[in-house]
Amino acid sequence: MSVDLHYVWFGLGLSALTGLTLAVGRWARIGLGWFPLWAIVRAVVQLTVIALVLRGILAVPWTVVAFVVLMLSTASWTAMGRLKELHRGRRTAVAGVLTGALTTIVVIFVLHLVDFQVRYVVAVGGIIIGNSMSAATLAGRNFLRGSRARKDEVEAWLSLGATPSRAHEEIGREAVRESLLPNLDQTKSTGLVTLPGAFVGALFGGASPATAAQFQLVVLAGIALTMTITGVVVTRLAGRTPYVVSADA
């Protein structure tokens, strides 16, 4: 099969998958409309651009710094939009994403769990930053729901002289716990139920199964750390105010 026909066939197959997603969603009346299609179209455009950009980054290593900054900025911006209903939710989202992602990335390379090479910085950074963004969104939104559902409890604590942090303490713990459970469930079933992308990608890249497994384990441990740190930072900062809904949303 020629290169051109390969891309044509790939495009048709991807369109079919997306079309089936839309069809099932409409049949089940999920209410997502055309959002799955929009998400895939954006992913196609963004990955195409990133593939071209990465060629330059791998050729000029120092540019990886700018690329990591771009990933952090995009993740922070996305999380900001998701947490805008929280009081000072935008700055809380940024603080959570940056703290969780940067701490984990630094720890991984300081411990020499992965070689400090451009390709590994990009790979590890992308995975860790993406999960930090997800953790900020999940923990923040869980915290918001919990605060609203337990509003009377929070007000009771405040009326007794408790600080806002103390009044929201248990809500924050529950929010972080709930945001971590799906990832931890997936981690404990790795190799039995799922073969994660980092493992499969390393295999496709020519790494031995043992090396691929080591890389995947670093990724899994890193994701757990960044999600925990991000969730704790987001909920602790959000819990410092007696207000449930943002005053500047």
Please identify every one of the trypsin sites (Lys or Arg not before Pro) in the range 1-109 that sits in a loop by DSSP and has no more than 12 other beta carbons within 10 Å of its own beta carbon.
Arg29
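Where does the longest stretch of the chain lie that holds no chymotrypsin sites (Phe, Trp or Tyr not before Pro) found in a DSSP loop with 14 or fewer other Cβ atoms within 10 Å? Don't skip to the end; give the middle numbers.
Working: sites that count: Trp34, Phe116, Tyr243.
Answer - 117-242.
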Pick from Val218, Val97, Val232 the residue whose mean-square fluctuation is largest in a GNM of the chain, springs joining Cα atoms under 10 Å.
Val218
Name the residue, out of His168, His112, His87, whose mean-square fluctuation peaks in a Gaussian network model built on the chain with Cα pairs under 10 Å.
His112
Per the Kirkwood treatment, what hydrodynamic radius in Å, one decimal, follows for the range 108-225 from the mean inverse distance over all distinct Cα pairs?
16.6 Å
Choice from Ala23, Ala66, Ala224 showing the highest fluctuation, given a GNM over the chain with Cα pairs closer than 10 Å:
Ala23
Once you place label points 7 Å from the Cα toward the Cβ at Tyr243 and Arg119, how far apart are they in nm?
5.0 nm
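For n ≥ 4 DSSP H runs only, could you compute -39500 (n - 2.57) per run for the chain, divide by its residues and tell me the 222 nm figure to the nearest 500? Write out the running numbers ahead of the final one.
Numbers: 10 runs with 194 residues, N = 249.
Result for the chain, helices only: -26500 deg cm²/dmol.
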tail above 20 Å in the computed P(r) of the range 1-114, as % of all Cα-Cα pairs, reads 65 percent
Cα gyration tensor, the chain - rounded (a/c under 1.5), prolate or oblate:
prolate
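FYI, it's all coordinate maths here, none of it is from the lab. A quick note: this is a predicted structure, and the numbers were derived from the prediction, not measured. Note that we place each Cβ from the backbone using ideal geometry, even for glycine, and neighbour counts take in every protein chain shown.
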